[in-house]
1. Could you tell me how many of the residues in region 232-244 are under 16 Å from P298 (Cα atoms) and either part of a strand (DSSP E or B) or open to solvent by 10 Å² or more (accessible area, probe 1.4 Å) (or both)?
2. Restricting attention to strands (runs of 3 or more DSSP E) lying wholly within region 116-231, give those where 3 or more residues are open to solvent by 60 Å² or more (accessible area, probe 1.4 Å).
3. Identify all residues within region 74-115 that are of a type outside the set (G, A, S), within 12 Å of I35 (Cβ to Cβ) and open to solvent by 10 Å² or more (accessible area, probe 1.4 Å); write none if there are none.
4. Given the options E261, E272, name the one that is of a type in the set (D, E), in a loop (DSSP other than H, G, I, E, B) and more than 14 Å from the chain's Cα centre (by Cα).
5. Which pairs turn up if I take residues in region 189-201 that are under 12 Å from D155 (Cα atoms) and look for partners that are open to solvent by 20 Å² or more (accessible area, probe 1.4 Å) and assigned to a helix (DSSP H, G or I) with beta carbon separation below 6 Å, at least 6 apart in sequence or on another chain?
6. Residues in region 362-389 that are hydrophobic (A, V, I, L, M, F, W, C), modelled with pLDDT under 90 and open to solvent by less than 60 Å² (accessible area, probe 1.4 Å): how many?
7. Do we find that A145 is more than 28 Å from A27 (Cα to Cα) and hydrophobic (A, V, I, L, M, F, W, C) in this structure?
8. Quick one: which of A93, A78 is more than 17 Å from F314 (Cβ to Cβ), of a type outside the set (S, T, Y) and in contact with a Leu (Cβ under 7 Å, 6 or more places away or on another chain)?
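The values are calculated or read from the model by the stated rules, or taken from the named source; none is laboratory data. The shown structure was predicted, so the numbers you read here are calculated from the model rather than taken from an experiment. Virtual Cβ from ideal backbone geometry, glycine too; neighbours counted across all protein chains shown. Just the protein is used for accessible areas: all its heavy atoms, side chains included, with ligands, DNA and RNA removed. Shrake-Rupley method; radii C 1.70, N 1.55, O 1.52, S 1.80 Å.
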Amino acid sequence: MSAAEQRGQALGSNGGEPSALKAKQAAVIAPGSTIGVLGGGQLGRMMALAGSNLGYRFVTLDPTPESPCGQVAGQIVAGYGDIEAARELAARADVITYEFENVDAGVAALLEEQSYVPQGSRLLYTTQHRLREKRAIEAAGAKVAPYAEIGSEEDLRAAVARLGIPAVLKTATGGYDGKGQWVIRSEGEIGPAYAELSRAGTELVLEQFITFEKELSVIAARSPRGEIRTFPVAENIHVDNILHASIVPARAEERILREAERLAARIAESMEAVGLLAVELFLTGDGELYVNELAPRPHNSGHYTMEACNTSQFEQHVRAICNLPLGDPSLRTPVVMVNVLGEHLDAVTEAVTTDCWLPESDDSVATTKSGASAASNATGFHVVPKVHLYGKNGSAPKRKMGHINLLCGDVRDGLDFIQQTNIWRNQNS
């Protein structure tokens with residue numbers, strides 16, 4: 001019996017129809033079923049690769065032919081707002097998930113009616129809008145930076161006077177990797193900032209600037225049956241508002257790491273999330289944690305889990321949406337994940353084909369900051385680089401083209417590797 005037939009049976013007579021929520025909680029999508037993915041990017045690709053090991057089939061809906069996910073799964077080539085394409089996805093899949101949160105919430109709601117979308121559209125509706133998201137985080141008992149809703153330039157001036165400078169003006173919807181925001185550092189920037197961001201035609205939110213020591217993130221997983229697991233906390237370094245590297249274990253006190261995981265689990269429970277929920281946090285000098293953003297999907301800062309944890313974030317997401325028992329997220333080895341952007345791709349490709357990561361002028365022996373000798377091949381750095389390239393059509397500066405998980409005995413060796421290869425020479429870690 002297929003998973004779709006099992007769901008139909010669950011909604012049959014035998015004492016009357018159970019509620020939709022109970023039906024979803026009862027649904028177990030067994031291996032051999034088809035998972036539909038809204039979005040064909042690298043997150044869908046890595047999800048399909050992990051899920052295929054459990055015997056699942058995948059089909060994705062994405063407007064770009066031969067998308068990264070479409071290279072390893074079936075693909076429906078259509079826009080995300082295409083209703084007929086969404087119906088086709090529903091017909092071909094036993095369960096549907098999404099790999100990025102800017103999916104049309106109306107399409108997600110339609111799919112809820114015609115298929116099984118355990119993540120639902122409510123969480124998507126909340127996390128697509130910064131004001132709704134902040135209120136939901138506060139309702140879960142976690143802190144966010146003081147903020148104000150902005151409807152006019154006068155509102156902005158009043159909020160800046162109250163929250164202080166610097167402050168961060170953001171669009172309430174859209175925006176990623178630093179887009180859709182402006183750090184206001186003087187009163188003279190108030191007018192230009194409002195004029196620029198108000199063009200988006202959406203609500204705006206002003207956030208007090210939090211002076212933080214570290215940026216942390218936690219990936220939490222929750223299944224429809226209510227089981228919750230959290231992955232180890234990652235310490236994240238951003239360059240030009242794009243994630244550059246994730247360091248695990250994060251270099252913070254144990255009590256702070258425990259609290260970060262506890263907050264992530266509490267938010268996932270409060271919001272009744274299903275699948276993965278990435279929780280990004282600021283850690284201040286006095287040990288306070290502020291939640292910055294949420295992402296209801298696999299996350300760039302969780303890529304380290306692919307080799308460094310007993311269960312990867314992608315397998316865990318599949319397990320969660322299919323209502324399987326969640327896997328063990330324990331860390332197996334220290335790791336540093338570094339992103340491969342368009343400007344790094346040629347050098348990384350050459351290093352992969354030659355196994356030579358140092359520039360030619362340094363091909364004898366280098367010394368790491370931790371005191372170890374580092375020869376020109378990868379093993380000399382006391383790290384094992386695991387390369388993941390996404391198969392995107394067309395490279396461009398600042399575009400995420402892949403990542404490398406640097407498995408190491410100590411994260412300092414991984415950071416030394418990043419610096420001494422010179423591939424990321426202009427980026428700080």
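1. 4
2. Output list is empty.
3. Those that are of a type outside the set (G, A, S), within 12 Å of I35 (Cβ to Cβ) and open to solvent by 10 Å² or more (accessible area, probe 1.4 Å): R92, D94, E99.
4. Values: E261 fails: in a loop (DSSP other than H, G, I, E, B).
After applying the criteria, what remains is E272.
5. I190/R157; Y194/E153
6. Total satisfying the criteria: 6.
7. Working: more than 28 Å from A27 (Cα to Cα): yes; hydrophobic (A, V, I, L, M, F, W, C): yes.
Taking the combined requirement at face value, the residue satisfies it.
8. A78
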